[in-house]
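Written out below as C-alpha cells is the structure these notes cover.
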Amino acid sequence: MVGPVRVLHTPGHTPGHLAFWWEERQVLFAGDAIATYPEFEAGWPAFNLNPTQQRTSIRRMADLEAEVVAVGHGDPITGGAAERLRSLV
C-alpha cells in the first residue's frame, strides 16, 4: 500500500509491470497493460513480453470491478470498465 493505493504486480507487458488500485474511488491505474489508443486492447501486442501472464493480469484487474480504468495510452475507460477488461481475455 502507498497511502490509499494498493500496488499490484501485473506481469505480462513486462515482468515487473505494476498497476495501482484505489479501492475507495474504484479507480485502477493499469498503465501499459491496457491501451485505448489507437484501439482498445490488452496493451500493444508487439510490446507484451508474455501473453499468458498478460491475460492472467487482465483477469485479475477485471475482478476488481473498477469503475474507472486509467490506461497507459489513450483515454481512460469510464463506463463498463470491468466488462470491457473481461472482453480482452
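Scan segment 69-82 residue by residue and report those that are touching a helix residue (DSSP H, G or I) at 6+ places or on another chain (Cβ under 6 Å) and either of a type outside the set (Gly, Ala, Ser) or part of a strand (DSSP E or B) (or both). Lay out the reasoning, then the answer.
Going residue by residue through segment 69-82, those that are touching a helix residue (DSSP H, G or I) at 6+ places or on another chain (Cβ under 6 Å) are 69, 77, 82.
Listed by number, the residues that qualify are Val69, Ile77.
On the basis of being surrounded by 17 or more Cβ atoms within 10 Å (Cβ to Cβ) and in a helix (DSSP H, G or I), does Leu85 make the cut? Give the steps one after another, and end with the answer.
Details: surrounded by 17 or more Cβ atoms within 10 Å (Cβ to Cβ): yes; in a helix (DSSP H, G or I): yes.
Here the answer is yes, as Leu85 does meet what is asked.
Just give me the residues in segment 48-68 being of a type in the set (S, T, N, Q) and either assigned to a loop (DSSP other than H, G, I, E, B) or touching an Asp or Glu at 6+ places or on another chain (Cβ under 6 Å) (or both), in sequence order.
Let us first name the residues in segment 48-68 that are of a type in the set (S, T, N, Q), namely 48, 50, 52-54, 56-57.
Asn48, Asn50 - these are the residues of segment 48-68 that are of a type in the set (S, T, N, Q) and either assigned to a loop (DSSP other than H, G, I, E, B) or touching an Asp or Glu at 6+ places or on another chain (Cβ under 6 Å) (or both).
For segment 1-16, which residues satisfy the criterion of being out of contact with any Phe, Trp or Tyr (no Cβ under 7 Å at 6 or more places or on another chain), more than 22 Å from Trp44 (Cα to Cα) and either modelled with pLDDT of 95 or more or among the small types (Gly, Ala, Ser) (or both)? Explain how you work it out, then say what you get.
Going residue by residue through segment 1-16, those that are out of contact with any Phe, Trp or Tyr (no Cβ under 7 Å at 6 or more places or on another chain) are 1-3, 9-12, 14-16.
Next, from what is left, pick out any that are more than 22 Å from Trp44 (Cα to Cα): 1-3.
Gly3, the sole residue that qualifies.
Only one of Ala35, Ala42, Ala30 is surrounded by 15 or more Cβ atoms within 10 Å (Cβ to Cβ) and either among the hydroxyl-bearing types (Ser, Thr, Tyr) or touching a Leu at 6+ places or on another chain (Cβ under 7 Å) (or both); which?
On the way: Ala35 fails: either among the hydroxyl-bearing types (Ser, Thr, Tyr) or touching a Leu at 6+ places or on another chain (Cβ under 7 Å) (or both); Ala30 fails: either among the hydroxyl-bearing types (Ser, Thr, Tyr) or touching a Leu at 6+ places or on another chain (Cβ under 7 Å) (or both).
It is Ala42.
Taking Gly74, is it touching a Ser or Thr at 6+ places or on another chain (Cβ under 6 Å) and over 19 Å from Val5 (Cα atoms)? Can you show your working first?
Working: touching a Ser or Thr at 6+ places or on another chain (Cβ under 6 Å): yes; over 19 Å from Val5 (Cα atoms): yes.
So Gly74 passes the test.
Every residue in segment 21-47 that is within 15 Å of Ala82 (Cα to Cα) and either part of a loop (DSSP other than H, G, I, E, B) or not aliphatic (A, V, I, L, M) (or both), please. Show your work before the answer.
Filtering segment 21-47 for residues within 15 Å of Ala82 (Cα to Cα) gives 21-23, 25-30, 33-36, 40-42.
Selection gives Trp21, Trp22, Glu23, Arg25, Gln26, Phe29, Thr36, Phe40, Glu41, Ala42.
Keeping to segment 1-20, report how many residues are loosely packed, with under 12 Cβ neighbours inside 10 Å and part of a loop (DSSP other than H, G, I, E, B).
5
The values are calculated or read from the model by the stated rules, or taken from the named source; none is laboratory data. Predicted, not measured: the structure shown is a model, and the values here were computed from it. Quick reminder, even Gly has a Cβ in these numbers, built from the backbone with ideal geometry, and neighbours come from all protein chains shown.
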